[in-house]
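Here the structure comes first, spelled out in structure tokens, and everything after it is commentary.
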Amino acid sequence: MPHTKVRDLLASASRIAVLTGAGISAESGIPTFRGAGGLWRKFLAEDLATPEAFARDPKLVWEWYDWRRGLIAAAQPNAGHRALVELENLRKEFALITQNVDGLHDRAGSRNLLKLHGDIWIQRCTTCGAQRNEARTPLEEVPPRCPCGGLERPGVVWFGESLPEEILARAQRAATQAEVFLVIGTSAVVYPGAGLAGVAKSAGATVIEINVEETPVTNWVDYSLRGPAAEILPQLLS
Ligand code: BV8
Ligand code: ZN
């Protein structure tokens, strides 16, 4: 049976923390940010997910988000998202830390979910600060406006912006306390999220990576499982 040792570790650990990235949603049909398929028109995510890009051209940035929202709305959580719900249901202490803004972990049924980079379905007014959920896609108006007349922005964390303090603190605590830390479908290059696996390792956790490719953490994690998350995760729980 493949991955027997990792299955045993997951079965016996009472504190598990997980970090996910875009790779876990890849098999739901949502493009990742880096690597093949990471481009939208001619832009890199790093060129669009910034306050500077939004200030320069809010319509362009919103067109990208509206396009992504359309793909996400048409997608379903996959076997990888569902396996993490199953794992949470077995555990006393479980935290799912995600860099994803797509909401697929919520839709799958994960409960103790820490969203480091916000939520693509939230819109926040840049004038009055009002926040609302907007599930419609495509948007009726791009860029969308608040009832106060102000320009709205996506409720996500862009490059150069701070992560929500309380959520990051809880993620760091979960990483520090975990016996087993899973790093799934992330290129592990965007900080501070990428640093959490190292936090867990330094605090004594066994770190397990699941990815179709090697990443900067591959050479120091305890186990690196190569393959699609939607295939490997269910195998680890069966
Ligand atoms: C901050 C959200 C404090 C919205 C995103 C130099 C060194 C260190 C840090 C920095 C530095 N220069 C600048 C920084 C800071 C910067 C940073 O880390 N930059 C990096 C790129 C160098 N970080 C920040 O700015 C953060 N804030 O630090 O605040 C501060 C404040 C002011 C000034 C200084 C500091 C904020 C970062 C938030 C960025 N927000 N987007 C949105 O989504 O629109 S980033 C974007 O990358 C994504 O949203 C995602 O959340 C994040 C991580 O990407 P991944 O999820 O890992 O996805 P990726 O495509 O890269 O990889 C997919 C992986 O899946 C691949 O490995 C692939 O092999 C794998 N895969 C594919 N298919 C599968 C699979 N695996 C398994 N199964 C499959 N089927
Ligand atoms: Zn407003």
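Results, tabulated for the structure shown:
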| quantity | calculated |
| --- | --- |
| Placed amide H near Ile210: partners under 5 Å, 5+ positions off or other chain | Val183, Ile184, Gly185, Leu225 |
| Positive-end residue of Ala45, Ser187, Thr176, charge dipole of the chain with Cβ unit charges | Thr176 |
| Charge dipole magnitude, Cβ of K and R +1, D and E -1 - the stretch 111-238, Cα centre, debye nearest 20 | 320 |
| Rounded, prolate or oblate (a/c below 1.5 giving rounded, otherwise prolate when a/b exceeds b/c) for the stretch 1-129 by Cα gyration tensor | prolate |
| Gaussian network model of the chain, Cα within-10 Å springs - most flexible of Gln131, Gln177, Gln123 | Gln131 |
| Value of relative contact order over the chain, rounded to a whole percent, pairs C-alpha under 8 Å and six or more apart | 25 |
| Karplus-derived 3J(HN,Hα), 6.51/-1.76/1.60, for each residue of the stretch 121-134, Hz, glycine and proline x | 8, 9, 10, 10, 6, 7, 9, 9, x, 4, 10, 8, 8, 10 |
| Candidate aspartates and glutamates for bridging to Lys5, where Cα separation is under 12 Å - those fewer than 8 sequence places away on the same chain excluded | Asp222 |
| Share antiparallel - DSSP beta bridges, the chain, percent rounded to 5 | 30 |
| Three-way shape label, the stretch 145-219, alpha-carbon gyration tensor, a/c 1.5 | prolate |
| Among Phe54, Asn112, Cys148 the positive-end extreme of the charge dipole of the stretch 1-152 (Cβ point charges) | Asn112 |
| Charge dipole (debye, nearest 20) of the stretch 18-67; +1 at Cβ of Lys and Arg, -1 at Cβ of Asp and Glu | 100 |
| Listed peptides 152-162, 207-217 by packing density, highest first (mean Cβ within 10 Å) | 207-217, 152-162 |
| Test item: Cα-centred dipole of the chain, Lys/Arg +1 and Asp/Glu -1 on Cβ, debye | 260 |
| Spatially proximal lysines relative to Lys59 (Cα-Cα < 23 Å; intrachain offsets below 8 disregarded) | Lys42 |
| Carbon + sulfur, % of accessible area of the stretch 21-105 - ligands and nucleic acids excluded, 1.4 Å | 56 |
| CD proxy at 222 nm, helix term only [per DSSP H run n ≥ 4: -39500 (n - 2.57); per residue of the chain; nearest 500] | -10000 deg cm²/dmol |
| Alpha-carbon Rg/Rh ratio, for the chain, with Rh computed the Kirkwood way | 0.98 |
| Whole-angstrom gap from the stretch 1-27 to the stretch 41-77, using each part's C-alpha centre | 30 |
| Prolate/oblate/rounded call for the stretch 118-158, Cα gyration tensor, a/c under 1.5 rounded | oblate |
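The values are calculated or read from the model by the stated rules, or taken from the named source; none is laboratory data. Keep in mind that what you see is a predicted model, and the values were worked out from it rather than measured. Note: ideal-geometry Cβ built from the backbone for every residue, glycine included; neighbour counts use all protein chains shown. Each accessible area value is taken on the protein alone, full model and side chains, heavy atoms only, with ligands, DNA and RNA left out. Shrake-Rupley method; radii C 1.70, N 1.55, O 1.52, S 1.80 Å.
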